[in-house]
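Bear in mind that the values in this text are calculations on the coordinates, not laboratory data. A quick note: this is a predicted structure, and the numbers were derived from the prediction, not measured. With ideal geometry, Cβ positions are generated from the backbone for all residues, glycine too; neighbour counts draw on all protein chains shown.
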Amino acid sequence: MNVDVNKAIEGLKEGMSLLYPTDTIWGLGCDATNEEAINRVCEIKKRPNNKSFIVLVNSVAMLERYVSEFPEVCYDLIDLAEKPLTIIYDCPIGLPKSLLAEDGSIGIRVTKDPICNRIIQGVRKPIVSTSANISGEPIPLSFHDINSQIKDNVDMILKERWDEKMIQPSSIIKIGADHSVKVIR
């Protein structure tokens, strides 16, 4: 079902899955606090349940609600990043275990994308953001490159930016409990 932002917000609140453009690539997502919806995304993507997800938030204030130990350096990293930056944090709180990596960490990005921010603000919760591909297949560079299995099985498709090429993956940095910084990508 093709939807606008308002319908996407309502659907996410009801536990539906969403195919949507992000600040990096097309994403497949859901309410990041809804275990059933997360399992549905795994099914659509044919993704093993033991792989972690990236979560999008719309502000540092929202991010702080889901990370128990927020190192000071993260404020600067987020503020100074010139392109989308996902930070992997230890000790997340309030998120289902199915989102987390085997070591208990989670990748979270404060998105600057206006569409994503409207959705997150409307849902009032973080949203899952995983690449819109079947696990193991190449990441699609545009809406038209997304596998029809994804399009056919997702609950909602956002009617935005279908003709835009999206080729910018986020940088990924891991911040350790000891405040060490490791560049992943």
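When the chain is modelled as a GNM with alpha-carbon springs shorter than 10 Å, which of ASN39, ASN50, ASN133 fluctuates the most?
Of ASN39, ASN50, ASN133, the Gaussian network model singles out ASN50 as fluctuating most.
Can you compute the charge dipole magnitude of the range 2-183 about its Cα centre, using +1 on each Lys and Arg Cβ and -1 on each Asp and Glu Cβ, nothing else charged? Give it in debye, rounded to the nearest 20.
Rounded to the nearest 20 debye, it is 280 debye.
When we measure straight from the Cα of LYS159, which lysines land under 27 angstrom away, once same-chain ones fewer than 8 places off are left out?
Once the sequence-local lysines are set aside, what remains near LYS159 is LYS7, LYS13, LYS45, LYS46, LYS83, LYS112, LYS125, LYS151.
For HIS179, what charge total do you get from the other residues with a beta carbon under 12 Å from its beta carbon, if Lys and Arg give +1 and Asp and Glu give -1?
-2
I'd like the FRET efficiency for ASP145 and GLU72, computed as 1/(1 + (r/R0)^6) with the beta carbon distance as r and R0 of 35 Å, rounded to 0.05.
0.30
Before rounding to the nearest 500, sum -39500 (n - 2.57) across all DSSP H runs of length at least 4 in the chain and divide by the residue total; then give [θ] at 222 nm in deg cm²/dmol.
Dividing the helical sum by the residues of the chain leaves -7000 deg cm²/dmol.
Scan (i) -0.41, -0.51; (ii) -0.22, -0.28; (iii) -0.26, -0.33 for the value of log10 I(q)/I(0) by the Debye sum over Cα atoms at q = 0.08, 0.09 Å⁻¹ calculated from this model and give just the label.
(ii)
To the nearest Å, what is the center-to-center distance of the range 20-45 and the range 91-152, using C-alpha atoms only?
The range 20-45 and the range 91-152 have Cα centres spaced 5 Å from each other.
Of all DSSP beta bridges located in the range 2-183, what percent are antiparallel, nearest 5?
Percentage antiparallel, nearest 5: 60.
Which one of ALA8, GLN149, LEU63 is farthest out on the positive end of the charge dipole of the chain, using unit charges on Cβ (Lys, Arg +1; Asp, Glu -1) and the Cα centre as origin?
GLN149
Taking H placed 1.01 Å from N in the peptide plane, check which residues at least 5 places from VAL67 or on another chain put their amide H under 5 Å from its amide H.
For VAL67, whose amide H was placed from the backbone, the distant partners under 5 Å are ILE93.
If amide H atoms are built 1.01 Å from N in the plane of the peptide, which residues on other chains or at least 5 residues away come under 5 Å of the amide H of VAL3?
Distant-sequence amide H within range of VAL3: ILE157, LEU158, LYS159.
Can you compute the modelled spin-label distance between ASP4 and LEU100, with each label point 7 Å from Cα toward Cβ, in nm?
If labels sit at ASP4 and LEU100, their model points lie 4.0 nm apart.
Peptides 110-123, 170-183, 20-33: what's the order by average Cβ count within 10 Å, highest mean first?
In descending order of packing, they fall as 20-33, 110-123, 170-183.
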